[in-house]
Amino acid sequence: MKLPRLLPLALLVTTAFAQAADLMEVYRDAQAYDAQYASARAARDAGVERLPQGRAGLLPTIGLSANRTRNDLESTSRATGVTTDVDYKSNAWSLTLTQPLFRWQNWAGYKQGELAAVSAEAQFVQASQDLILRVTQAYFDALLAQETLATAKAQKIATAEQLESAKRNFEVGTSTITDTHEAQARYDLIVAQEIAAENDLAVKRQILRTLTGKETDNLKGLKAKLEIGRPQPDDIGQWVTSAEGGNIGIQLAQTAFEIAGREVEKQRAGHYPTLDLVATRGKAGTGFSSTGGGGSDSKTSTIGLQLAVPIFSGGATVSRDREAVALQEKARSDLDNARRQAALAARQAYLGVSAGLAQVRALEAGVASSQLAVESNKLGYEVGVRINIDVLNAQSQLFDTRQKLAKARLDTLIAQLRLKSAAGNLSPDDLTAINALLE
């Protein structure tokens, strides 16, 4: 007697009349809803503004000032004792243009602005790759929980059938009450596992909801016959080399090191003189006075060079210089650590894919052999050479192996994405490839 194909049937029953969502649909929803991704996008938009801010230090500045004043002057002569009271109004305006000619700190700030804009773009790329991983992990966690529940339901049906068989055999005297008790105990355990699986699925769906903002009642699962290819290139050394050259974390650390170097230049520039071109244009006038008579107007225009030489600032400039040098050394160490971590991540992901593929093949063979073991034990139980607990154990092993196979497949696919992320070339196209494996 063959064990019914209960897992696909149970899954079909639980998802009847429900439209299953796929991975790309969930990813697009997450792009539009996820707060962490939206924060990264806003941070990118803010970061790229560092470039025009840095450039502004090299460009001229223009300022306009104006004033209008009422003057009341009272003076008394010491010799004559005569008091003179003057009451008049004055006004003036001045337009000043300043063009930096030599300000090395401004040049260093401009270069920092360029690097900061590059860093902002790289951070957003990293956030985009992180979104792909988070969405896929959440999707696969929910999918595994969904399949775990379906497995528990199918196992409950199979155990219930075995329990009924044990009860019938006891009634006709072909088995002992022990078989019934064992089947009942196994059935009660499966019921508890089913309750736990339902709760876990609800939690995993809520996690997915925090990414997409939508309730997802059903997800498309992996195809029954699935062939997961090996990484290309199939060489761990090449992946490590790619990670050391393209990993986003390394790019960010490299940019941070260059920014720290420019900061050293900026602080040392505090010892340098500055030279500016300054041009002004202004007008001043006084109004009619009852004692002084008519008012007057004057216009002024100036242009020249303004030199400023720093001499002593209480030691602050020297201290900021030392601080910048120390922070540059920190950035250098962070860069070394980023390279090592990227290489380690590439190795771990590559080994994860290789081990996962081997595990998938072993578990596929295990499912086939476990299926045969169940059928053999059921037949042996019918003819009296196997007892009920043998059948129950064989069924439990079959469902457990199926569950481990599903998890191994999902873990292997995640490891493939992590491998590409370590190399810095993870993209939505990789999600599309995985999405083609769903049905």
All conditions in (1) more than 24 Å from Gly356 (Cα to Cα); (2) in a helix (DSSP H, G or I) are true of Asp217 except (2)
Those residues of the stretch 19-48 which are crowded, with 16+ Cβ neighbours inside 10 Å and free of Cβ contacts under 8 Å to residues at least 12 places away in the same chain amount to Glu25
Among the residues of the stretch 261-269, are any surrounded by 19 or more Cβ atoms within 10 Å (Cβ to Cβ), small (Gly, Ala, Ser) and over 36 Å from the mean Cα position of the chain (by Cα)?
yes
If we keep only residues of the stretch 279-298 that are modelled with pLDDT of 85 or more and surrounded by 14 or more Cβ atoms within 10 Å (Cβ to Cβ), then the residue farthest from Val309 (Cα to Cα) is Gly285
Residue pairs within 7 Å by beta carbon, gap of at least six or interchain, first lying in the stretch 85-112 and assigned to a strand (DSSP E or B), second of a type in the set (Phe, Trp, Tyr) and at pLDDT below 95, listed first then second, are Tyr88/Phe288
Point to revise | Flag for Glu171 being among the acidic types (Asp, Glu), farther than 30 Å from Leu413 by Cα and surrounded by 16 or more Cβ atoms within 10 Å (Cβ to Cβ) | key: no
Among (1) assigned to a helix (DSSP H, G or I); (2) free of Cβ contacts under 8 Å to residues at least 60 places away in the same chain, Ser298 falls short only on (1)
Checked Leu351, Leu372 against criteria (modelled with pLDDT under 95, in a helix (DSSP H, G or I) and more than 14 Å from Arg409 (Cα to Cα)); the one match is Leu372
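Answer with yes or no whether Leu133 is under 19 Å from Leu438 (Cα atoms), part of a helix (DSSP H, G or I) and either aromatic (Phe, Trp, Tyr) or at pLDDT 95 or above (or both). Please lay out each step first, then the result.
On the way: under 19 Å from Leu438 (Cα atoms): yes; part of a helix (DSSP H, G or I): yes; either aromatic (Phe, Trp, Tyr) or at pLDDT 95 or above (or both): yes.
Yes.
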Query raised in the report: Does Asn67 qualify as being surrounded by 15 or more Cβ atoms within 10 Å (Cβ to Cβ), within 19 Å of Lys299 (Cα to Cα) and touching a residue at least 12 places away in the same chain (Cβ under 8 Å)?
Result: no
Within the stretch 375-400, the count of residues that are touching a residue at least 12 places away in the same chain (Cβ under 8 Å), under 20 Å from Tyr187 (Cβ atoms) and either hydrophobic (A, V, I, L, M, F, W, C) or not in a helix (DSSP H, G or I) (or both) comes to 7
For the stretch 159-174, does any single residue satisfy the condition of being under 48 Å from the mean Cα position of the chain (by Cα) and over 16 Å from Tyr381 (Cβ atoms)?
no
With the first residue restricted to the stretch 192-210 and required to be more than 13 Å from Leu149 (Cβ to Cβ), and the second required to be surrounded by fewer than 17 Cβ atoms within 10 Å (Cβ to Cβ), Cβ contacts under 6 Å at 6 or more apart or on different chains are none
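The values are calculated or read from the model by the stated rules, or taken from the named source; none is laboratory data. Here the structure is a predicted model, which means the values were calculated and not measured. Note: ideal-geometry Cβ built from the backbone for every residue, glycine included; neighbour counts use all protein chains shown.
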